[in-house]
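The values are calculated or read from the model by the stated rules, or taken from the named source; none is laboratory data. Computed from a predicted model, the values in this text were never measured in an experiment. Cβ placement follows ideal geometry from the backbone for every residue including glycine, while neighbour counts extend to all protein chains displayed. These area figures cover heavy atoms from the full protein model, side chains too; ligands, DNA and RNA do not enter into them. Shrake-Rupley method; radii C 1.70, N 1.55, O 1.52, S 1.80 Å.
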Amino acid sequence: MADADTAFAAADGYDLAVVATPHQTHVELAGRALKAGLHVVVDKPLALTARDAQELAAADAANRARSVFQNRRRDGDFLAPASAPPRSWWAVR
């Protein structure tokens with residue numbers, strides 16, 4: 001999609017919006033997605049203030065799921081190894 005306006009205009013063709021944008025845009029885009037009738041998953045942090053998070057949680061969006069996730073794709077403990085560990089690592093001692 002070229003931009004959020006285009007995405008929300010086509011919302012009837014989708015079930016879910018994933019908001020993974022700069023932090024200051026999370027509340028606005030998640031709110032727009034809920035108003036468009038979409039379920040919403042927002043990258044952490046949900047909001048910059050507790051008040052904004054509470055308002056988003058209380059938004060009138062009947063039967064729409066809201067969730068927050070933490071993107072860990074670049075964290076070393078979540079990355080798949082480039083190759084298998086050395087055989088000695090698997091040895092039972």
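Within segment 47-74, residues that are among the aliphatic types (A, V, I, L, M) have Cβ atoms under 6 Å from residues that are open to solvent by 80 Å² or more (accessible area, probe 1.4 Å) in these pairs: 68/44, counting only partners at least 6 apart in sequence or on another chain. When residue 51 is tested against (1) in a loop (DSSP other than H, G, I, E, B); (2) at pLDDT 90 or above; (3) of a type outside the set (Ser, Thr, Tyr), only condition (1) is not met.
Considering only residues of segment 10-24 that are surrounded by 12 or more Cβ atoms within 10 Å (Cβ to Cβ) and part of a helix (DSSP H, G or I), which is nearest to the chain's Cα centre (by Cα)? Walk me through how you get there before you give the answer.
Of the residues in segment 10-24, the ones surrounded by 12 or more Cβ atoms within 10 Å (Cβ to Cβ) are 11, 14, 16-21, 23.
Okay, now just the ones that are also part of a helix (DSSP H, G or I), so 11, 23.
Details: 11: 17, 23: 11 Å.
For segment 10-24, the residue satisfying everything is 23.
Within segment 27-43, the set of residues being part of a helix (DSSP H, G or I) and either more than 17 Å from residue 3 (Cβ to Cβ) or not small (Gly, Ala, Ser) (or both) comprises 27, 28, 29, 32, 34, 35. Of all positions in segment 54-74, at least one carries a residue that is at pLDDT below 85 and surrounded by 12 or more Cβ atoms within 10 Å (Cβ to Cβ).
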